[in-house]
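K.L.:
Here it is: the structure, laid out below.
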Amino acid sequence: RSGRKEGSDDDAGEMAASEESDAMKQFKELQSKYIETTQRNKRLKDSVLKNKQDIHRAALTGTELSNLPEDIPCYEPVGRSFVREPVATIMSKLQDIVKTAGEEIEKAEGQSVHLQKVLNETETNIRELLAANPGLQEELLKNGYVQ
């Protein structure tokens, strides 16, 4: 041994540094979880917005088609070409679009509620970690994580 006594101040300093690095690891894990959850929540909100736009577009198209007589030829876009379809078939497809989009909106909103709970829990965990480790706050300031 290098002439040190067990339980010396050096051991206590190393132990405190180890605790700080453990706290820093926890902080980084919580931070990455928070960022990932926030991104997933944003993607869900974007998905809901897209589905609402699809519903709106289908409703407008359905309104315009409902004013046409049944025997008028209508064409549905398929890729770069158009296919002749009866009005009733196109209206049925529009109703399917509205139904599917509505189901996806409900599903996404349910997932968003869950993700919001996870975000709140993660935020609380970060606050508790910072409150329990004052040295961590200093380390975060020093390393540029917090301004």
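K.L.:
Does Ser66 satisfy the criteria of being among the polar types (S, T, N, Q), open to solvent by less than 70 Å² (accessible area, probe 1.4 Å) and either modelled with pLDDT of 95 or more or under 18 Å from Asp96 (Cα atoms) (or both)?
P.N.:
It is false that Ser66 is among the polar types (S, T, N, Q), open to solvent by less than 70 Å² (accessible area, probe 1.4 Å) and either modelled with pLDDT of 95 or more or under 18 Å from Asp96 (Cα atoms) (or both).
K.L.:
Here's a check for you: in region 36-58, which residue that is of a type outside the set (D, E, K, R) and open to solvent by 80 Å² or more (accessible area, probe 1.4 Å) is farthest from Ile126 (Cα to Cα)?
P.N.:
Restricting to residues being of a type outside the set (D, E, K, R) and open to solvent by 80 Å² or more (accessible area, probe 1.4 Å), the top hit is His56.
K.L.:
Going by what's in this entry, would Glu128 be described as touching a residue at least 60 places away in the same chain (Cβ under 8 Å), assigned to a helix (DSSP H, G or I) and more than 30 Å from Asp46 (Cβ to Cβ)?
P.N.:
Here the answer is no, as Glu128 does not meet what is asked.
K.L.:
Among Val98, Val83, which is the only one that is open to solvent by 50 Å² or more (accessible area, probe 1.4 Å), aliphatic (A, V, I, L, M) and at pLDDT 95 or above?
P.N.:
Of Val98, Val83, the one residue that is open to solvent by 50 Å² or more (accessible area, probe 1.4 Å), aliphatic (A, V, I, L, M) and at pLDDT 95 or above is Val98.
K.L.:
With the checklist (1) more than 14 Å from the chain's Cα centre (by Cα); (2) closer than 22 Å to Ile35 by Cβ; (3) open to solvent by less than 40 Å² (accessible area, probe 1.4 Å); (4) of a type outside the set (A, V, I, L, M, F, W, C) in hand, flag the one item Thr124 doesn't pass.
P.N.:
(3)
The values are calculated or read from the model by the stated rules, or taken from the named source; none is laboratory data. From a predicted model like this one, the values you see are computed outputs, not experimental measurements. Positions of Cβ are generated from backbone atoms using ideal geometry, with glycine treated the same way; all protein chains shown enter the neighbour counts. Calculation scope for accessible area: heavy atoms of the full protein, side chains included, ligands and nucleic acids excluded. Shrake-Rupley method; radii C 1.70, N 1.55, O 1.52, S 1.80 Å.
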